[in-house]
1. Treat the count of other C-beta atoms within 10 Å as a stand-in for reagent exposure and order 233, 66, 145 from fewest to most.
2. Once both axes come from the Cα atoms, what is the angle between helix 141-154 and the longest principal axis of the chain, in degrees from 0 to 90, rounded to 10?
3. Let me have the relative contact order for the chain, percent, based on Cα pairs under 8 Å that are six or more residues apart.
4. Distance from the Cα centre of the stretch 135-149 to that of the stretch 74-123, in angstrom?
5. If I model a spin label as a point 7 Å beyond the Cα along the Cα-Cβ vector, how far apart are those points for residue 196 and residue 52 in nm?
6. If the chain between residue 106 and residue 77 were fully stretched, how many nm would it gain, using 0.36 nm times the residue separation less the Cα-Cα distance?
7. Most exposed first by the Cβ proxy, i.e. fewest other Cβ within 10 Å, how do 68, 16 rank?
8. Restricting to the chain, what percent of DSSP beta bridges are antiparallel, rounded to 5?
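No value in this document is a laboratory result; all are computed from the given coordinates. In this text the structure is predicted, and so the values were computed from the model without any measurement. So basically every Cβ, Gly included, is an ideal-geometry build from the backbone, and we count neighbours across all protein chains shown.
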Ligand code: GEK
């Protein structure tokens, strides 16, 4: 299945239901995320780079909320450490079904275990690399700390968490400016004002962004002594947190 052009919100939809990662989204997902998330391709590529740096022999690497496995593939092709299986997890059965085909068509040698589950229910252990690439933002805010605590507990010393998120800003004018620049990015990538407005309404109860400060605080609470932003474009950022 070659990725289709995303036109899910191109016509007026009347009553909008909450955004879901269903089969319609799966079919357009690579096009949707590339045209919607500034820096997505760079972040995915650098996840490969970071995984190569941090993967330890005989440990697990996790891609939590893997969608179609872009970060999994980036890691699979860059990790040099021996015996490093990648465990890729997503709770959308449509995503996992298609991700399995992507993995089967890929020639990478590292074993990939694909699991259809809520990331809150899976064991995370003996990990050296854990990726949350634009996934935590879809989890209930009250559950986010518990997930980070389980990741911290499951990481080996020297292991890394890569956390990418859409972010908010405390300063209201700056927050609005970042949203405007993001929407300009989407417009330049061919989305109409109607598509931008309808997607925004569909996702507003589903994707809850927080400030970088809130993420830093929570990472600290979960046990990570230090964390920092390694990439940011407008209101999209990626952080690393290392377990000492
Ligand atoms: C990429 N990381 O291409 N448990 C498991 N999966 C979940 C949960 C949950 N509780 N909540 C949401 N998801 C990918 C992109 S997309 C980001 C990640 C986006 C899954 C959801 O099904 C979807 O596949 C993914 O998290 C978010 O590098 O679309 O903005």
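1. Fewest-to-most ranking of 233, 66, 145: 145, 233, 66.
2. The answer is roughly 20 degrees.
3. Reported as a whole number, the value is 22 percent.
4. Using only Cα atoms, the two centres lie 21 Å from each other.
5. 3.6 nm
6. 9.5 nm is the gain from fully extending residue 106 to residue 77.
7. 16, 68
8. Antiparallel bridges make up about 40 percent of those DSSP assigns within the chain.
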